[in-house]
Amino acid sequence: MQLNSTEDTQANLAAADKLVREAAGRGAELVLLPEKWSVLGRADVMHAEAQTLTGPASKWAAETAAELGIDLIAGSIVERREGQDRTANTSVHYDPNGNARATYRKLHMFDTEIDGVRYAESEREQPGDRVVRSELKGGAGVGLSICYDLRFPELYRVNAGVEVIVVPSAFTLATTRDHWEVLLRARAVENQAFVIAANQVGSYPPGNRSGGRSMIVDPWGVVLATAPDKPSTVIADLDLEQLAGVRGRLPALTHARPEVYR
């Protein structure tokens, strides 16, 4: 799913609700929202609009997953945590009963400058401290990650063996155009897994831009679906028999030698 989230939390929730229902109506059993779907903008505004995991955004996600009977990975929200000055960038997987099945907090902070725009996530955000995997209704394993994590293949190798990798994102326009597809296909090929990546698209305060091109990639690195440059949904079938076939024909995961790499 692809959104153009801004600092208007109510409008963001309404847009997410509309597209989640559209995706479920088209037969989607697993739905992924982008990074910071509930509020995206200036750092001080996001900090002020941060919610706990019992707040309105999470409550909506849990209730909607249960109502529609879907696995809903609610992208990420800016999470306010008790006793913490800094927020977390947090993704929660809600199962078809509306239960929070897994919670992942972004490990890698985006502290850099792109096209003259400075990003300093660590000034207000606390990174997570553990790798998280979950399980979908049908039993498939899913590895959780968020945006900048995509540039750190070690994270995905720790989760080697999962059938699905999710990457909710707000990739910048420049890095989307030059790096996004390459990195997503690489993670799919090297981990022999489906990769589902939901990106933000368009402008958001104070004038930053995300590049869209949300996509679904199969374990052979083939792009199954790509979103147009607007808020939208894309859907593809995840053929687990195909995945097993890829791993059987080219058993690279079984040939890894982590004891040597360390």
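Numerical summary
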{"quantity": "Residue satisfying all of: in segment 23-65; in contact with a Phe, Trp or Tyr (Cβ under 7 Å, 6 or more places away or on another chain) and assigned to a loop (DSSP other than H, G, I, E, B); nearest to ARG101 (Cα to Cα) among these", "calculated": "LEU40"}
{"quantity": "Residue that is in a loop (DSSP other than H, G, I, E, B) and either small (Gly, Ala, Ser) or closer than 22 Å to HIS93 by Cα (or both), where the choices are ALA225, ALA236", "calculated": "ALA236"}
{"quantity": "Some residue of segment 196-210 being under 22 Å from THR103 (Cα atoms), of a type in the set (Lys, Arg) and touching a strand residue (DSSP E or B) at 6+ places or on another chain (Cβ under 6 Å)", "calculated": "no"}
{"quantity": "Matching residues, segment 53-101, being surrounded by fewer than 22 Cβ atoms within 10 Å (Cβ to Cβ), more than 21 Å from GLY41 (Cβ to Cβ) and acidic (Asp, Glu)", "calculated": "GLU63, GLU67, GLU82, ASP95"}
{"quantity": "The one condition in (1) out of contact with any helix residue (DSSP H, G or I) (no Cβ under 9 Å at 6 or more places or on another chain); (2) touching a residue at least 40 places away in the same chain (Cβ under 8 Å) that ASP178 fails to fulfil", "calculated": "(2)"}
{"quantity": "Matching residues, segment 106-152, being outside any loop (DSSP other than H, G, I, E, B) and either loosely packed, with under 13 Cβ neighbours inside 10 Å or of a type in the set (D, E, K, R) (or both)", "calculated": "ASP111, GLU113, ARG118, GLU121, GLU123, GLU125, ARG133, GLU135, ASP149, ARG151"}
{"quantity": "Candidate set: segment 198-222, residues that are within 19 Å of SER145 (Cβ to Cβ), touching a residue at least 40 places away in the same chain (Cβ under 8 Å) and not in a loop (DSSP other than H, G, I, E, B); chosen: the one nearest to the chain's Cα centre (by Cα)", "calculated": "ASN199"}
{"quantity": "Condition met for VAL20 (assigned to a strand (DSSP E or B), in contact with a helix residue (DSSP H, G or I) (Cβ under 8 Å, 6 or more places away or on another chain) and of a type outside the set (Lys, Arg))", "calculated": "no"}
{"quantity": "Tally of residues being of a type in the set (A, V, I, L, M, F, W, C) and loosely packed, with under 13 Cβ neighbours inside 10 Å across segment 1-19", "calculated": "2"}
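Bear in mind that the values in this text are calculations on the coordinates, not laboratory data. Treat the numbers as computed from the prediction; the structure is a model and nothing was measured. In this analysis, Cβ positions are derived from the backbone assuming ideal geometry, glycine residues included, and neighbour counts consider all displayed protein chains.
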